[in-house]
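Encoded as structure tokens, the structure appears first; notes follow it.
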Amino acid sequence: MITNPEVSTLRSTWLMPSEAYTSAQWYDREQRDLFGRTWVFVASIEELAQPGDFVTTTIGNEPVVVVRDKQGALRAFSNVCPHRGITLLEGCGNTAKGVVCPYHHWNFALNGELRSVPQPEQFPELDKEAFGLYPLPLAEWGASVFVNLSEGPEPFEDWMGAFPASLGAHDPSRLVEVAHRQRVVESNWKFLVENTIEVYHLFYLHRTTQDQYQNHLFDNWFDGWHWSSYTPLYPERSFNEEESNIEWDAVTLPPWLGDREKGGIYVHLIFPNMVLFITSRVFRIMTLIPEGPHRCRIDLRTRAMPGTDPSLFDDEVNETFEEDVMACERMQRGVRSSRFAVRTLAKDHERPIGIFQSKLLAAMAAE
Ligand code: FES
Ligand SMILES: [Fe+2]
């Protein structure tokens, strides 16, 4: 099990060697030792509404499927056929009748049991109970589904710890998913995390796109593994002014929000790769899925009040996001330089980066 190091014991200096962003060996180790044993976001609850609904993904090196079974329970399995190892399902959809392997048609129930094997006389010794789908720990929180690849992981509630209180009155489970996009970025996933948790660049890279926020009042804190922040808007400004080209007046304000939620932006990191951007009208979930040392896939979901017209988000252009992508892709190119190493960080504004790196190294080093 991985143990969370206390923030007070952590150094806030840059701890990562360049290889952490460039080398295949580091990438493999991270896939195995980090993503192989933390809780990882895999889907939103809307994708798994009906019995038989399924979503496939890959965590670390493991193909994973999450399915809602006949009784309505969510289950996660290794998405690998116990016969010869072919991946069973692809993409997402509904498989209400169970799962039939495309290769030799072994047939599995939605609870993972092996139901039948064609030409059973070919397998006279087969113990069907030993050939069910391999189950994986699953948890549900805030309309999101998480999976953990390790055996007997820390319970999800313990993993989240005090973090949920940092959302204030924001409640993603009372909102619905209105947009879901993916995009490949030519950057190591950690650059995108580190870009999210430092405030220094907001004054400069985003000087025209994020000037509605009082960045000098940026407040941030760690709850266990996870990081949170809050930045108030200028009193006469509204978050939606430069956020993107959405017609924000058509997106209803959740009536349960208080003045703090309406008057600022929350940005959070659920360790290691799930970022939340929460403004008064939308709750965004950005997951950074590693796809090699130099590349990651951004999975971006937007939740808003039920009844919000999803087409409002069809042609969204978010300049802040484009600025961040540009910076991370250029850091990825720069980090290959043999002449460069990070030697200093801003003592407050970039401090979360050092703490994130400490936690990441501790998680990877755990037994
Ligand atoms: S590999 Fe699945 S039935 Fe043979
Ligand atoms: Fe940014």
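The values are calculated or read from the model by the stated rules, or taken from the named source; none is laboratory data. Quick caveat, the model's predicted, so the values are computed rather than measured. Quick reminder, even Gly has a Cβ in these numbers, built from the backbone with ideal geometry, and neighbours come from all protein chains shown.
If the requirement is being under 18 Å from Leu217 (Cβ atoms) and either touching an Asp or Glu at 6+ places or on another chain (Cβ under 7 Å) or at pLDDT 95 or above (or both), which of these qualifies: Tyr234, Tyr266?
On inspection, the qualifying residue turns out to be Tyr266.
Given Arg336, Arg303, which one is farther than 20 Å from Leu192 by Cα and in contact with a helix residue (DSSP H, G or I) (Cβ under 7 Å, 6 or more places away or on another chain)?
Arg303
In the stretch 152-196, which residues are within 16 Å of ligand 2 (Cβ to nearest atom), surrounded by 16 or more Cβ atoms within 10 Å (Cβ to Cβ) and of a type in the set (D, E, K, R)?
If the condition is that a residue be within 16 Å of ligand 2 (Cβ to nearest atom), surrounded by 16 or more Cβ atoms within 10 Å (Cβ to Cβ) and of a type in the set (D, E, K, R), then Lys190, Glu194 are the ones that fit.
Return the total of residues in the stretch 224-240 being closer than 24 Å to Ile270 by Cα, part of a loop (DSSP other than H, G, I, E, B) and either without any contact (Cβ under 8 Å) to a residue 60 or more places away in the chain or of a type in the set (Lys, Arg) (or both).
1
Hey, could you check the stretch 96-144 for residues that are hydrophobic (A, V, I, L, M, F, W, C), more than 15 Å from ligand 1 (Cβ to nearest atom) and within 26 Å of the chain's Cα centre (by Cα) and say which is nearest to Asn79 (Cα to Cα)?
Leu136
Does the stretch 197-204 contain at least one residue that is modelled with pLDDT of 95 or more, more than 16 Å from ligand 2 (Cβ to nearest atom) and either in contact with a Cys (Cβ under 9 Å, 6 or more places away or on another chain) or more than 30 Å from Ala96 (Cβ to Cβ) (or both)?
no
Sort out for me the strands (runs of 3 or more DSSP E) sitting completely within the stretch 44-93 that have 2 or more residues that are within 16 Å of ligand 1 (Cβ to nearest atom).
Here the list reads 62-68, 74-78.
In this structure, does Val147 turn out to be away from ligand 2 (no atom under 16 Å from the Cβ), over 30 Å from Ser23 (Cα atoms) and surrounded by 20 or more Cβ atoms within 10 Å (Cβ to Cβ)?
Taking the combined requirement at face value, the residue does not satisfy it.
Checking Lys347 against (1) closer than 20 Å to Phe218 by Cα; (2) among the basic types (Lys, Arg); (3) within 16 Å of ligand 2 (Cβ to nearest atom), which single condition isn't satisfied?
(3)
Do we have any residue at all in the stretch 327-340 that's out of contact with any Lys or Arg (no Cβ under 9 Å at 6 or more places or on another chain) and aromatic (Phe, Trp, Tyr)?
Yes, there is a match, as at least one residue in the stretch 327-340 is out of contact with any Lys or Arg (no Cβ under 9 Å at 6 or more places or on another chain) and aromatic (Phe, Trp, Tyr).
Considering only residues that are of a type in the set (Gly, Ala, Ser) and surrounded by 18 or more Cβ atoms within 10 Å (Cβ to Cβ), which ones fall in the stretch 78-97?
Correct list: Ser78 only.
Determine whether Thr209 is within 16 Å of ligand 2 (Cβ to nearest atom), crowded, with 16+ Cβ neighbours inside 10 Å, touching a residue at least 60 places away in the same chain (Cβ under 8 Å) and part of a loop (DSSP other than H, G, I, E, B).
yes
Read through the list (1) assigned to a helix (DSSP H, G or I); (2) at pLDDT 95 or above; (3) in contact with a helix residue (DSSP H, G or I) (Cβ under 8 Å, 6 or more places away or on another chain), then give the number of the only condition that Ser187 fails.
(1) is the only condition that Ser187 fails.
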